[in-house]
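The values are calculated or read from the model by the stated rules, or taken from the named source; none is laboratory data. Because the structure is predicted, anything quoted here is derived from the model rather than measured. All Cβ positions, even for glycine, are placed from backbone atoms using ideal geometry, and neighbour counts span all protein chains on display. These area figures cover heavy atoms from the full protein model, side chains too; ligands, DNA and RNA do not enter into them. Shrake-Rupley method; radii C 1.70, N 1.55, O 1.52, S 1.80 Å.
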Amino acid sequence: MKKVILSSFLIFGFGAYILHIRILGTTAPVVLTPEPNKPKVALSLPEYNLITTEPKPSNTTTQNTTTTQTNPVIINPKPVIVPPPVINTGKYKNGTYTGDSIDASYGYVQVKVIVSGGKIADVQFLSYPDSRSTSVRINSRAMPYLISEAISTQDSNVDAVSGASFTSAAFNESLSSALSQART
Amino acid sequence: MGTPVIVEIHDDESKPELFEEVFDYFRYVDQKFSTYKDDSEITAINKKEITENNFSDDMKLVFKLSEETKKITNGYFDILTPNGSYDPSGLVKGWSIFNASHILKNKGIKNFYVEAGGDIQVSGKNNKNEKWCIGIQNPFNKKREVVKKVYLDDNGIATSGNYVRGQHIYNPKNKNDKLDEIVSFTVIGPNIFEADRLATAAYAMGKEGIFFIENLSDFEGYMIDKKGIATMTTGFNKYTII
């Protein structure tokens, strides 16, 4: 009896699977969390000369590229409620103001604002996170298989630098607290 | 675009005229696509003075590439800003560096790099006959400071973040998303056009962006969060070796 139940369960399970494929088919959502042995998706690169470029279907992948391009992705970006920045609002009293020291986890960010003529004349860093060369594999639930490390200052002996100039959430926070003191 | 452009050539054939040609090209692009210029084509489009049929060929192409990028990135790359105007600068920078490097390649130049506002296309070797050494900027520092070094010989590298001109990247799926979890997202790809548009999109995805890059072949990413923790794709370390 047990055997019969088992096989009917298997048949049902298979039937349900077929049904699942039929109904959902390729519209099944793609989950971004990588699996260890999953082949990477090749992106359709434009032609070398961009003037004549047309998106072309990729043929270098075992996975259907179209699926990854058109389907919804399960990502739930959390809205972050941040108080509106106080920069450029109102006039400021002349003077020098020091913002709160904001914990950036492995170091502190603190800025000093110099107000002259009611305007921000300069923003200086009193402290910012720097050199700690710990390299760790962390947070396996949130970032499976990916390696994380605390950033650390390197020597600047490079040909060029990729990035932009300044700021960060901690920078903004410290700046906001400095400017709130400068408010008239 | 309000961004500095740097061109460095290490071939014997390099001539001043070559640099001029490249810079002229960037001036042309700026004149057409700068949202800061009152007389640019993109400004006229945003003022609804030009209809789509009358776009210039380059403008049509950029809009087409933007549409394609939107699809590839599942809607996370969008040149339509929250206030309803078009800002294609997230694509135009990489696109113009890509085209500029082809001006050089077409002249037979092999060893060079072209940089515009922190986005870089490298080719060949540097003046020490080694791979180009590119640093990733510390997003917590106003001054030039490197937190990671990579060695590239024929790649594009682009970094996205909201620490340049205030917030200029949005999450198109959630306009209230302040995108402050991640402060910097660097993408290395086969060319700067691809690297730049994917860096912009990956940044807009928040911390999920690194998985988006992880799932693409030929692309690697280095993402720095607000706590100063960097997360990299599994193949990233191949670029940290000389």
Residue-normalised accessible area of segment B:5-239, given per residue in Å² at a 1.4 Å probe: 37
Skipping prolines and chain starts, which residues have an amide H placed within reach, meaning under 5 Å, of the one on A:Thr153, given they are 5 or more residues away or on another chain? A:Ser131, A:Arg132
Carbon + sulfur, % of accessible area of segment B:5-239 - ligands and nucleic acids excluded, 1.4 Å: 46
Would you mind getting me the FRET efficiency between B:Glu17 and B:Arg144? Use the beta-carbon distance for r and R0 = 35 Å, nearest 0.05. 0.70
For B:Asp11 the rounded accessible area (nearest 10 Å², probe 1.4 Å, non-protein molecules ignored) is 20
May I ask you to rank B:Ile224, B:Ile50 by accessible area, largest first, using a 1.4 Å probe over the protein chains only? B:Ile50, B:Ile224
Given the whole protein assembly as supplied and a 1.4 Å probe, what does the accessible area of B:Trp95 come to in Å², nearest 10? 0
What are the extents of the Cα atoms of chain B along their three principal axes, listed from largest to smallest and rounded to whole Å? 51, 45, 33
Taking θ = phi - 60°, what integer Hz values does the Karplus form 6.51 cos²θ - 1.76 cosθ + 1.60 yield along segment B:39-55, in sequence order, with x for Gly and Pro? 9, 7, 5, 5, 5, 4, 5, 5, 8, 6, 8, 10, 8, 4, 5, 9, 4
Non-local residues with an amide H under 5 Å from the amide H of B:His10, with H modelled 1.01 Å from N and Pro and chain starts lacking one, are B:Asn111, B:Phe112
Sorted by chain and then number, the residues having a modelled amide H within less than 5 Å of the amide H of A:Asn94, at least 5 places away or on another chain, are A:Gly118
Taking a crude spin-label model, label points 7 Å out from Cα along the C-beta direction, the A:Arg183 to B:Ile103 distance in nm is 4.9
Assuming R0 = 51 Å, can you tell me the calculated FRET efficiency for the pair A:Lys112 and B:Asp24, based on Cβ-Cβ distance, to the nearest 0.05? 0.75
Scalar couplings 3J(HN,Hα) for segment B:143-158 by Karplus 6.51 cos²θ - 1.76 cosθ + 1.60 (θ = phi - 60°), nearest whole Hz, x for Gly and Pro, are 7, 5, 8, 9, 10, 7, 10, 10, 10, 10, 10, 7, 9, x, 9, 9
What FRET efficiency, computed as 1/(1 + (r/R0)^6) with R0 = 35 Å and r the Cβ-Cβ distance, is obtained for B:Lys125 and B:Lys48, rounded to the nearest 0.05? 0.10
Largest first, how would B:Tyr25, B:Tyr86, A:Tyr92 line up by accessible area (1.4 Å probe)? B:Tyr86, B:Tyr25, A:Tyr92
Whole-angstrom gap from segment B:195-242 to segment B:19-35, using each part's C-alpha centre: 29
Unit charges at the beta carbon, dipole of segment B:5-239: most positive-side option, B:Trp132, B:Pro190, B:Ala230: B:Ala230
Dipole magnitude (debye, nearest 20) for chain B, charges at Cβ of Lys, Arg, Asp, Glu: 740
Across the residues of B:66-73, average count of Cβ atoms on other protein chains within 10 Å? 3
Checking an interface number: how much accessible area is buried between B and A, summed over both chains, with a 1.4 Å probe, in Å² rounded to 100? 6500
A chain fully extended from B:Lys60 to B:Lys110 at 0.36 nm per residue, minus the present Cα-Cα distance, gains in nm 15.0 nm
Here the whole-number average of other chain Cβ atoms within 10 Å per Cβ of B:227-239 is 6
For B:144-157, what's the mean count of beta carbons from other chains sitting within 10 Å of each residue's beta carbon? 4
Starting at the first residue of segment B:206-221, write each ³J(HN,Hα) from the Karplus equation 6.51 cos²θ - 1.76 cosθ + 1.60 with θ = phi - 60°, in whole Hz, x for Gly and Pro. x, 6, 6, x, 5, 6, 4, 6, 4, 7, 9, 6, 6, 10, 10, x
